[in-house]
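Scroll down for the structure; my scribbles are underneath it.
The values are calculated or read from the model by the stated rules, or taken from the named source; none is laboratory data. These numbers come from a predicted model, not from an experiment. Here Cβ is always computed from backbone atoms with ideal geometry, including for glycine, and neighbour counts include all displayed protein chains.
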């Protein structure tokens, strides 16, 4: 029995060395979870009355348990890198069509725009449509649409913040003519966007009236004859009090300073009428030389724009930033968790597979339920403690030598018996 006991001890120590050595070898592997060998003792079968004189016959490897505790998170300059803070695994679609699970978030974009790991496995989650709406009905590989364009949004409103100089004189020429600077007091412009993304410059002209506190407003796109939009009236404090349509109707416009301007489109875009918002206009005194804009004009349209960069939020949402400053949701990375993570099958390449022992995956949004959060532009380091592993290595080596000594002692005893 001595040989059998010692040999089982040698096998156990060798298994322990293998596990510890694997931990040390993967101390720099992102997302790696260290393991621990679990052993059980062995006893020969005996009759019920012989329980007081049982002698063990060695040990065996009962299993290898993995430690899924959190590894240190370090930031990177790669936007597709992801680290999980807390519970959960990334869902990965393999080239063979199978789904595996991983903690290694060293992801990149492949040539088709999919987020993949070093083996080409694709990260799964919700994909967003062209309008930035997540398609939550299906979990699919996530693709960053780098080559797609964000569609244009036609201008519906242009806003101007102006001060019309109360000390300005009336124009020298009584008949308004956009080509004659002496026929108007002040002018400004803004670029608007049509439904196809084409820009049109809209010009506004302000003519001080002979009536105290009243100004006439003309507007239209460049190259076209401006339209008389109506008049604005200010009180003695310089505040806008009323606006009206042009004569002969001269009907009040509500709210004051809100004018409607039709813009003819010649590029096949949809018919366009915008609201010119002058409600923030004032009439304060100046040096008499003219008026000025007190803030940059703005409009609510957008042209066609290209994706410039993206970021990943704590809930896994991927938000893209476009060349015109707009943002849109591109997708959302989901996480999976298991009732018994130690029941997962380790496939290598930082991948795990579901088994009957692990149970079914519970897939959800990061940061909800028991799932951890996601940190974009970061990776989770191995949780293998190199210092502890080196101590474990020494312990396993000592155990191996001790079991070898048992064999040597048994051999000495046998040789003594043979020599009798």
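Here are the numbers:
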read-out	value
Residues satisfying the stated conditions in the stretch 157-181, i.e. in contact with a strand residue (DSSP E or B) (Cβ under 7 Å, 6 or more places away or on another chain) and either more than 15 Å from residue 216 (Cα to Cα) or not in a loop (DSSP other than H, G, I, E, B) (or both)	157, 158, 159, 160, 161, 162, 163
So residue 63, is it surrounded by fewer than 16 Cβ atoms within 10 Å (Cβ to Cβ) and closer than 25 Å to residue 386 by Cβ	yes
Condition check for residue 188: surrounded by fewer than 20 Cβ atoms within 10 Å (Cβ to Cβ) and not in a strand (DSSP E or B)	no
Conditions (1) surrounded by fewer than 19 Cβ atoms within 10 Å (Cβ to Cβ); (2) modelled with pLDDT of 95 or more; (3) under 45 Å from the mean Cα position of the chain (by Cα): number failed by residue 153	(2)
Answer residue from the stretch 276-300, given it is exposed (fewer than 14 other Cβ atoms within 10 Å of the Cβ) and not in a strand (DSSP E or B) and is modelled with the highest pLDDT among those	285
Hey, residue 270 part of a loop (DSSP other than H, G, I, E, B), under 39 Å from the mean Cα position of the chain (by Cα) and in contact (Cβ under 8 Å) with a residue 12 or more places away in the chain or not	yes
Boolean, residue 37 is touching a residue at least 24 places away in the same chain (Cβ under 8 Å) and either in the same structural domain as residue 90 (by TED's automatic domain parsing) or not in a strand (DSSP E or B) (or both)	no
Unmet criterion (only one of (1) touching a strand residue (DSSP E or B) at 6+ places or on another chain (Cβ under 9 Å); (2) within 21 Å of residue 340 (Cβ to Cβ); (3) in contact (Cβ under 8 Å) with a residue 60 or more places away in the chain) for residue 69	(1)
Sole residue being on the phi > 0 side of the Ramachandran plot and either under 22 Å from the mean Cα position of the chain (by Cα) or modelled with pLDDT of 95 or more (or both), chosen from 58, 97, 113	113
Every residue from the stretch 327-349 that is within 23 Å of the chain's Cα centre (by Cα) and surrounded by 14 or more Cβ atoms within 10 Å (Cβ to Cβ)	328, 329, 330, 331, 332, 333, 334, 335, 336, 337
Enumeration of residues in the stretch 301-321 that are buried (at least 18 other Cβ atoms within 10 Å of the Cβ), assigned to a loop (DSSP other than H, G, I, E, B) and within 8 Å of the chain's Cα centre (by Cα)	316
Selection from the stretch 94-111 of residues that are assigned to a strand (DSSP E or B) and more than 25 Å from residue 35 (Cα to Cα)	108, 109
Residue in the stretch 396-410 that is out of contact with any helix residue (DSSP H, G or I) (no Cβ under 8 Å at 6 or more places or on another chain), within 18 Å of residue 71 (Cβ to Cβ), assigned to a helix (DSSP H, G or I) and not assigned by TED's automatic domain parsing to the domain that holds residue 90 present	no
The listed residue being out of contact with any strand residue (DSSP E or B) (no Cβ under 9 Å at 6 or more places or on another chain) and under 14 Å from residue 165 (Cα atoms), out of 290, 238, 213, 285	285
